[in-house]
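A quick write-up on the structure given underneath.
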Amino acid sequence: MGEQLSYWQLIIDASIIVKLVMLILLGLSTMTWVFIFERRSVINDSFKKFAAFEERFWSGIDLAHLYRQVNANPEENNGGEAIFRAGFKEFSRLRQQQITDADGIMAGCQRSMRVAVSKESEHLDSHLSFLATVGSTSPYIGLFGTVWGIMNSFLGLATVTQVSLATVAPGIAEALIATAMGLFAAIPAVIAYNRYSARAEKMLTNLDTFAEEFSAILHRQAHMLAHQQRKQETP
């Protein structure tokens with residue numbers, strides 16, 4: 001208990017600049033943990049919903065029926081569903097316009113799906129840049145507080161006639177607390193950034209693969225429709 005009180009006293013007795021550094025690091029650490037739990041929830045939810053949607057997609061359900069289902073009740077954090085809606089919506093729109101060019105239909109569908117993948121990428125990477133920034137800058141912010149605190153501690157020795165360890169120890173200790181707080185903010189941010197950026201990249205790979213597989217299905221349907229249209233037009 002006494003040890004905790006001494007640490008708290010060191011923080012209370014720190015200079016204004018060191019206190020400001022500690023306050024900034026405390027704020028960064030708090031925001032880091034908020035984003036860590038938020039990203040964990042979003043990315044885990046994305047994987048779970050994508051797996052469930054893939055199971056429905058490959059179950060043999062009619063694609064038009066599936067589109068009506070997902071379009072009536074779209075799910076948040078479901079990248080596979082978003083790509084499917086974008087691709088099938090564009091496919092249906094071009095088909096209603098009686099466009100017979102299969103390659104033109106596919107180009108439009110693939111553009112729509114690329115936009116959907118890009119939006120999902122932005123969604124998955126949200127706040128990861130903040131974690132990377134905290135991980136790279138927090139140790140330097142803490143180091144600045146440490147250097148400032150040690151500098152003030154040595155400047156204070158100019159007015160002391162007899163220097164002892166007890167004279168400089170409190171100032172150096174309060175300065176080192178800033179370094180410790182910088183590391184406390186940086187280490188979880190770096191670990192979380194590396195983990196969640198890797199999982200987001202894996203999710204995007206899954207979405208790209210699904211978009212390619214869905215494109216192949218639409219490509220076959222587009223050529224089938226173009227062939228039927230040409231047969232109808234042939235006298």
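The values are calculated or read from the model by the stated rules, or taken from the named source; none is laboratory data. In this text, all values refer to a predicted model and were calculated from it rather than measured experimentally. With ideal geometry, Cβ positions are generated from the backbone for all residues, glycine too; neighbour counts draw on all protein chains shown. Remember, those area values only see protein heavy atoms, side chains included, never the ligands or the DNA or RNA. Shrake-Rupley method; radii C 1.70, N 1.55, O 1.52, S 1.80 Å.
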- [ ] Note down the accessible area of W33, probe 1.4 Å, to the nearest 10 Å².
- [x] 100
Open item on the list: Give the lysines whose C-alpha is closer than 19 Å to that of K202, dropping any in the same chain fewer than 8 places away, or say none.
Closed with: K48, K49, K119
Task: Label-point separation, N152 to A216 (7 Å along Cα→Cβ), nm - done: 6.6
Task: Cβ-defined net charge surrounding R195, 15 Å radius [Lys, Arg +1; Asp, Glu -1] - done: +1
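Roughly how many percent of the accessible protein surface of the stretch 12-98 is carbon and sulfur, given a 1.4 Å probe and a whole-percent answer? Mind dumping the intermediate values first?
Values: 2770 of 4860 Å².
Summing carbon and sulfur atoms, their accessible area is 57 percent of the total for the stretch 12-98.
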TODO: With a 1.4 Å probe and every protein chain left in place, tell me how much accessible area L23 has, in Å² to the nearest 10.
DONE: 110
